[in-house]
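Engineer: The structure under discussion is supplied below as structure tokens; questions concerning it will follow.
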Amino acid sequence: MIPYYHVDSFTDEIFGGNPAGVCLLPAFPADITLKRIAAENRHSETAFVVARSDGDFELRWFTPEVEDDLCGHATLAAAYVLWLRGHNDWPVRFHTRSGILSVNRVDDLFEMDFPSRPPVPCEGWPELLLALGLEKGEVLRSPRDMLVVLDNAGQVKDVKPNIAALMKLDLGIGGAIVTAPGGLEVEGRDADYVCRLFAPNVGINEDAATGSIQCTLAPFWAGRTGKQSFRVRQLSARGGRMQCSIAGDRVRISGSARLYLEGTIQL
């Protein structure tokens with residue numbers, strides 16, 4: 001039997017933020033088993049955690065379709081579950097496909113230390129704007145995701161993508177990020193920038209609250225504004241809130257989490 005946790009990340013209350021599954025394993029089973037568990041869970045991501053002999057942990061992430069190379073909300077959920085189970089040695093270190101990622105406890109938040117993935121200007125891609133239902137937008141590309149910058153938070157909130165059209169684009173294991181500065185309108189209040197993420201090619205039509213895209217958004221907005229720390233709102237239906245800061249070539253992403261369900265998978 002596999003200890004299993006359903007955690008809502010980047011939120012202070014259940015039914016908000018982004019749900020993630022967390023499985024604690026003595027060792028990784030075959031990849032096909034991990035893929036089947038993630039598909040059965042139907043969360044945007046499931047984290048699989050294995051304790052190492054040196055006190056660190058191995059961590060892998062699976063969407064319902066593929067193994068991911070980096071996931072913020074499932075990493076936060078994994079650290080939160082370790083804290084629930086009495087882990088007291090902070091920061092915790094996860095060995096992942098993106099290198100060693102650390103998560104620290106800072107007051108009531110979990111602070112993740114992730115690699116910076118700044119975007120660069122990108123020529124063309126009118127088909128991306130069309131698939132997002134947009135007439136115009138500034139298009140950039142990060143090592144994993146496409147990024148579209150709009151003028152205000154209301155425009156981000158109103159984006160209505162054509163999911164079938166997005167799936168025809170070559171987005172790899174990434175997706176399409178839409179962002180804009182925060183502002184006085186309801187959607188951007190109490191935020192320095194807002195965002196949404198659409199990644200149907202990996203089984204996530206829209207992600208509810210995404211930590212990994214802050215590796216691209218935080219350095220972008222740092223370059224645009226000169227600021228080094230940010231309050232972030234993700235304008236999905238469930239919503240998400242996080243704090244981000246620049247630390248050299250790293251991005252620190254902080255948020256809270258809540259336990260929704262604890263049980264066992266009968267394997």
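Engineer: Given ALA74, ALA79, which one is touching a residue at least 40 places away in the same chain (Cβ under 8 Å) and open to solvent by less than 40 Å² (accessible area, probe 1.4 Å)?
Structural biologist: Details: ALA79 fails: touching a residue at least 40 places away in the same chain (Cβ under 8 Å).
The conditions single out ALA74.
Engineer: Out of ALA164, ALA153, I need the residue that is in contact with a strand residue (DSSP E or B) (Cβ under 6 Å, 6 or more places away or on another chain) and among the small types (Gly, Ala, Ser). Which one?
Structural biologist: ALA153
Engineer: Select from region 2-23 the residues that are of a type in the set (A, V, I, L, M, F, W, C), open to solvent by 10 Å² or more (accessible area, probe 1.4 Å) and at negative phi and write down the one among them that is farthest from the chain's Cα centre (by Cα).
Structural biologist: Top of the filtered list is ILE2.
Engineer: Give ASN18, ASN104, ASN88 a once-over and let me know the one that is modelled with pLDDT under 95 and not hydroxyl-bearing (Ser, Thr, Tyr).
Structural biologist: Matching residue, one of ASN18, ASN104, ASN88: ASN88.
Engineer: Taking the residues in region 172-230 that are modelled with pLDDT of 95 or more, among the small types (Gly, Ala, Ser) and out of contact with any strand residue (DSSP E or B) (no Cβ under 8 Å at 6 or more places or on another chain) as candidates, determine which candidate is farthest from GLU138 (Cα to Cα).
Structural biologist: Among residues in region 172-230 that are modelled with pLDDT of 95 or more, among the small types (Gly, Ala, Ser) and out of contact with any strand residue (DSSP E or B) (no Cβ under 8 Å at 6 or more places or on another chain), the one farthest from GLU138 (Cα to Cα) is GLY226.
Engineer: Of the residues LEU140, LEU59, LEU166, which single one is out of contact with any Cys (no Cβ under 8 Å at 6 or more places or on another chain) and more than 19 Å from ALA209 (Cβ to Cβ)? Steps first, please.
Structural biologist: Details: LEU140 fails: out of contact with any Cys (no Cβ under 8 Å at 6 or more places or on another chain); LEU59 fails: more than 19 Å from ALA209 (Cβ to Cβ).
So the residue among LEU140, LEU59, LEU166 that is out of contact with any Cys (no Cβ under 8 Å at 6 or more places or on another chain) and more than 19 Å from ALA209 (Cβ to Cβ) is LEU166.
Engineer: Just the residues that are without any contact (Cβ under 8 Å) to a residue 24 or more places away in the chain, under 21 Å from the mean Cα position of the chain (by Cα), surrounded by fewer than 20 Cβ atoms within 10 Å (Cβ to Cβ) and closer than 21 Å to ILE204 by Cβ, please, taken from region 119-157. Break it down into steps so the answer makes sense when it comes.
Structural biologist: Residues of region 119-157 without any contact (Cβ under 8 Å) to a residue 24 or more places away in the chain: 120-121, 123-126, 129, 135-136, 138-139, 141.
If we keep only those that are under 21 Å from the mean Cα position of the chain (by Cα) too, we end up with 120, 139, 141.
Filter once more, keeping what is surrounded by fewer than 20 Cβ atoms within 10 Å (Cβ to Cβ): 120, 141.
Answer for region 119-157, where residues must be without any contact (Cβ under 8 Å) to a residue 24 or more places away in the chain, under 21 Å from the mean Cα position of the chain (by Cα), surrounded by fewer than 20 Cβ atoms within 10 Å (Cβ to Cβ) and closer than 21 Å to ILE204 by Cβ: just ARG141.
Engineer: Among the residues that make up region 82-104, is at least one of them among the basic types (Lys, Arg) and surrounded by 22 or more Cβ atoms within 10 Å (Cβ to Cβ)?
Structural biologist: no
Engineer: Which one of the conditions (1) out of contact with any Phe, Trp or Tyr (no Cβ under 7 Å at 6 or more places or on another chain); (2) more than 28 Å from ALA164 (Cα to Cα); (3) modelled with pLDDT of 95 or more; (4) open to solvent by less than 70 Å² (accessible area, probe 1.4 Å) does ARG258 fail to meet, given that it meets all the rest?
Structural biologist: Evaluating ARG258 over (1) out of contact with any Phe, Trp or Tyr (no Cβ under 7 Å at 6 or more places or on another chain); (2) more than 28 Å from ALA164 (Cα to Cα); (3) modelled with pLDDT of 95 or more; (4) open to solvent by less than 70 Å² (accessible area, probe 1.4 Å) leaves (4) as the failure.
Engineer: Suppose we keep only residues that are closer than 15 Å to THR96 by Cα and surrounded by 24 or more Cβ atoms within 10 Å (Cβ to Cβ) within region 24-48. Which one would you say is farthest from the chain's Cα centre (by Cα)?
Structural biologist: Per the criteria, the residue is PHE48.
The values are calculated or read from the model by the stated rules, or taken from the named source; none is laboratory data. Because the structure is predicted, anything quoted here is derived from the model rather than measured. In this analysis, Cβ positions are derived from the backbone assuming ideal geometry, glycine residues included, and neighbour counts consider all displayed protein chains. Only protein heavy atoms, including side chains, enter the accessible area calculation; ligands, DNA and RNA are left aside. Shrake-Rupley method; radii C 1.70, N 1.55, O 1.52, S 1.80 Å.
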